[in-house]
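A short write-up of the structure that comes next.
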Amino acid sequence: ATMTGRGACALSVSAPREGLRGRGTAVARGRGDSKRGGAAAARAVANHSGGVPGATATPRALRRPRGVCECARARGTPIVASAAAGYGAHEEGAGQQKPGMPKLVAQVRAVLFVLWTFLLAIPGITVMILISPFVYLFDRKRRRLQHLVNQVWAHLSILPFFRVKITGRENLPPSSQGAVYVANHQSIMDIFVLFLLGKPFKFVSKIEVFYVPIIGLAMFLTGHVALRRMDGRSQAQIFKQCVSLLKDDGVSILVFPEGTRSKDGQVKAFKSGAFKMAKRGASPIVPISLKGTSQVMPHGTGFLQSYPGTVHITIHPLTDNPEDLDQWTDDTKQAILSGL
């Protein structure tokens, strides 16, 4: 208890930031002299600590003491609240801190983004349909020309809305070498920005995405892999297909090892499927950090919202440790975290 001035008392209880929602902060109010105020504060501590001498109360929520200090403020006396530092700045996750833009404006931007994307997709899908016979005859596995159309479409889609900066391009393997690209997953924008790597790859996506008009057809023509997530037989078939693409055809695969988008911006536990695939296909892992996609278009906010900003893509050196999958998984995750 910190006594400040005659006739005013405030009880200050230190607590870690994570404990801001523990037991309530005890506040003793009084108008008597400092001796009476000190006794009241002592009784408050005893009540909240179960009457055990020397025990410290654990606060439930740090609120501004109501009534502490009408008199202290009148005297100009400082009020002590040692856990107040950082209160009100609760983090929802590193990727979920959004710029100061009105929500309605962000929603309007999101609608414009969707309309602009589909508008660009119409000529894009037309070109992809026209060239598909030639691609099927001469480049059936990699489908580099179809991937180039996807890359141009993605670049033009995001150009009016946010910027992308890529570092570590020298760590990308040659297009003729099969590799497993592994990235954290925070937003639907992850797919758009990864097309800007300039390397042909196939990403494993839930089959529902293939039902989206125009987009689904573009994914089919490019040869991306459709997965039924709750179907064990489908998972086994997709695994064999990806291993064959890696080992026999030198085609790269893109996988989000978290399995789904993170709602709070924090990188979740990695599943081992991508690493087993890389081991079976005798291919390296390419760790990729995506930073800022959950800021330009957050996930889990209900109606889509779009914010301006810059997305940073960091391509890390290849990792290769097929003898110890757990260590390989951990090394890859740590490399990705280092770029966030």
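Taken together, the values in this text are just the output of simple stated rules run on the coordinates, not laboratory data. None of these values were measured; they are calculated from a predicted model. For neighbour counting, all protein chains shown are included, and Cβ atoms are generated from backbone atoms with ideal geometry for every residue, glycine included.
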Exercise. Roughly speaking, what % of Cα-Cα pairs in region 130-223 are separated by over 23 Å, rounded to a whole number?
Worked result: 26
Problem set entry | Inter-site label distance for L217 and L104 at 7 Å from Cα along Cβ, in nm | 3.7
For this session: State which entries of K247/K291; K268/K291; K103/K268 exceed 23 angstrom in Cα-Cα distance in the structure shown.
Result: K247/K291; K103/K268
Exercise. Applying the Karplus parametrisation 6.51 cos²θ - 1.76 cosθ + 1.60 with θ = phi - 60° to the phi angles of region 285-294, what ³J(HN,Hα) value in whole Hz is obtained for each residue in order, glycine and proline being reported as x?
Worked result: 9, 10, x, 10, 9, 10, 10, x, 5, 6
Problem set entry | Gain in span if fully extended, S244 to V127, counting 0.36 nm per residue against the direct Cα distance | 39.3 nm
Exercise. What is the extension gain from V111 to D326, computed as 0.36 nm multiplied by their sequence separation minus the C-alpha to C-alpha distance, in nm to one decimal?
Worked result: 73.2 nm
Exercise. K271: which lysines have alpha carbons under 18 Å from its alpha carbon, excluding same-chain residues fewer than 8 sequence positions away?
Worked result: K206, K240, K263, K279, K333
